[in-house]
1. With Cβ to Cβ distances under 12 Å as the rule, what net charge do the other residues near residue 65 carry (K, R +1; D, E -1)?
2. With each pseudo-label sitting 7 Å past Cα toward Cβ, what's the residue 114-residue 65 distance in nm, one decimal?
3. Given H placed on each backbone N at 1.01 Å, which residues far from residue 23 in sequence or on other chains put an amide H within less than 5 Å of it?
4. With a Förster radius of 25 Å, plug the Cβ-Cβ distance of residue 190 and residue 49 into 1/(1 + (r/R0)^6) and report the FRET value to the nearest 0.05.
5. With the contact rule set at Cα under 8 Å and sequence spacing of 6 or more, what percent relative contact order holds for the stretch 2-71?
6. How large is ³J(HN,Hα), in whole Hz, for each residue of the stretch 190-203 in order, when computed from phi with the Karplus curve 6.51 cos²θ - 1.76 cosθ + 1.60 and θ = phi - 60°, using x for Gly and Pro?
7. What list do you get for 32, 61 if you sort them by fewest beta carbons within 10 Å?
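The numbers here are math on the coordinates, done by the rules we state, and not lab data. On a predicted model such as this, the values are computed, not experimentally measured, just so you know. Cβ placement follows ideal geometry from the backbone for every residue including glycine, while neighbour counts extend to all protein chains displayed.
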Amino acid sequence: MVRAVNPVPADAHVELIDSGQPYHPGIPLAPKRYRLRITAAHYQAFEASLVLKSDVTASVKLCPYVMRPDYSAEPVAATRGLPSSSVQNLSDRINIPTAPGGELVRRTEAMLCVRAQSDLRTRLAARCQNMGGQGAPLVNPCACQPVSTYIEGRYVVTQSCGVTGTVACAVSPTAAVPQARPAAPPLARMVVDPSCPAPALSY
């Protein structure tokens with residue numbers, strides 16, 4: 001049987017993986033090979049084979065994790081050799097609800113069309129500005145076209161109405177290209193203490 005497993009740190013969790021029962025000092029076990037696993041917070045886990053032939057007391061010292069600077073993140077360099085400016089054509093569409101009916105419905109749809117045109121003009125201008133560019137949006141009149149939809153076993157023809165628009169967005173290279181970041185302190189990361197000797201069971 002195992003008299004005890006003495007880990008460092010002392011509060012480490014000891015597990016005999018293939019014993020079928022929780023570990024405790026003095027646990028009775030048949031003499032054979034067992035898989036030992038020891039874990040602790042802020043320490044590298046340790047696994048090894050433990051061969052039992054008689055009463056044994058095993059000891060092992062785990063290696064702690066330490067904080068080390070991470071120099072893997074390098075500044076992003078600015079790209080050279082770009083043209084003085086580039087133009088990107090942006091397009092978008094806003095659909096408006098429609099319904100068959102009399103004059104009141106047509107008036108409502110006309111107001112929705114004017115509002116959609118204004119919203120689309122604002123949206124296109126914002127998209128261009130977010131890219132660091134400039135451009136005057138061109139918004140088309142509202143247009144409708146018939147759409148055939150299969151509903152409850154038959155095709156129903158409805159109207160699909162909306163407004164479309166475009167903007168030729170002139171983007172300057174200083175806005176389109178990421179500039180080199182200033183040097184910043186390196187981030188820290190957890191690594192196994194390089195000065196710690198490789199853990200091994202001692203009896």
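1. My count for the surroundings of residue 65 gives +1.
2. Roughly 6.3 nm, to one decimal.
3. Those qualifying (amide H under 5 Å, at least 5 residues apart or on another chain) are 16.
4. Values: r = 28 Å, r/R0 = 1.10.
The calculated FRET efficiency here is 0.35.
5. Working: 122 pairs, mean separation 26.5, N = 70.
In percent, rounded to a whole number, it is 38.
6. Whole-Hz 3J(HN,Hα) from phi for the stretch 190-203: 7, 9, 5, 3, x, 8, 7, x, 4, x, 8, 6, 10, 10.
7. Listing 32, 61 from fewest to most nearby Cβ atoms yields 32, 61.
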